[in-house]
Amino acid sequence: MNQSDFALWVYLSRTPLLWLTVTIFAYVLADRVSARLHRNPLANPVLHAVWMIGLVLALTGTPYRAYFEGAQFVHFMLGPATVALAVPLYGHRRTVMRAIVPMAGALVVGAVVALVSALVIAKALGVPDDVLISLAPKSVTGGVAMGVAERAGGDPSLAGVLVMITGVIGSIIVTPLMNTTGVKDMRARGFAVGVAAHGIGTARAFQVDMVAGTFAGIGMGLNAMLTPILVPVFLPMLLG
């Protein structure tokens, strides 16, 4: 790279449009590959977009803060995208109302198990308390999890990373797990992944089936309201 090329790169790297373009391009490329592979769980677009963007940042020596300043528009759109989940919910409102009672039971059990099991296993493995606090809200959407972790004395950045890992793992294993256990009801499959794997799991559910995606969105939203209530209750008991 000659001096003029380097100067051009320095200029572009400071413009918001560059990193927004890189983010969109990485996701579109990963999504195309996923479609070619018939939406194989291991070809999750979010997972592969993350490592592609990370590779670009590492090769160019770009700090995350500089990247986020450019790509924050995508982060901003998470709010409207979450609200837009109300559209399929309204379209399937009768189906939702018929399952409201089992959904309430599944929500409580799922939220408690997701919280308690993660903390008990991590504590048994000797994970420090500050990491445990950040781990507690791993199954809710990123903005909520980071706020809960910060208020409880954890690291919101670490909580965000753990949320991402949880969502990716959940979206990868949900289809083979449900097939293996014989769960065929798309309402149950979608609701389970929404409670356990928030937005990334919900996106995966919509790829599989519209009803599953609708119930995943409901599970994600309800768990985002319930987990912040459960964390202050269970966290002191589990930390001892």
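Some observations on this one:
- Where a residue in the stretch 171-199 is without any contact (Cβ under 8 Å) to a residue 40 or more places away in the chain and its partner, wherever it lies, is of a type outside the set (Phe, Trp, Tyr) and not in a helix (DSSP H, G or I), with Cβ under 7 Å and at least six apart: Met186/Asp209; Arg189/Val183
- In the set Val163, Val195, Val208, only one residue is among the β-branched types (Val, Ile, Thr) and surrounded by fewer than 24 Cβ atoms within 10 Å (Cβ to Cβ); that residue is Val208.
- Count - residues of the stretch 83-129 that are of a type in the set (Ser, Thr, Tyr) and under 22 Å from Gly213 (Cβ atoms): 2
- Against the test of being at pLDDT below 85 and outside any loop (DSSP other than H, G, I, E, B), the options Val87, Val131, Val108 yield a single qualifying residue, Val87.
- Unmet criterion (only one of (1) surrounded by 12 or more Cβ atoms within 10 Å (Cβ to Cβ); (2) modelled with pLDDT under 80; (3) among the aromatic types (Phe, Trp, Tyr)) for Tyr67: (2)
- Restricting the stretch 209-231 to residues that are more than 17 Å from the chain's Cα centre (by Cα) and at pLDDT below 90, the residue that is nearest to Thr95 (Cα to Cα): Val211
The values are calculated or read from the model by the stated rules, or taken from the named source; none is laboratory data. Only a predicted model underlies this, so the values are computations on that prediction, with no experimental measurement involved. A quick note on method: Cβ atoms are made from the backbone with ideal geometry, for glycine too, and the neighbour counts reach across all protein chains shown.
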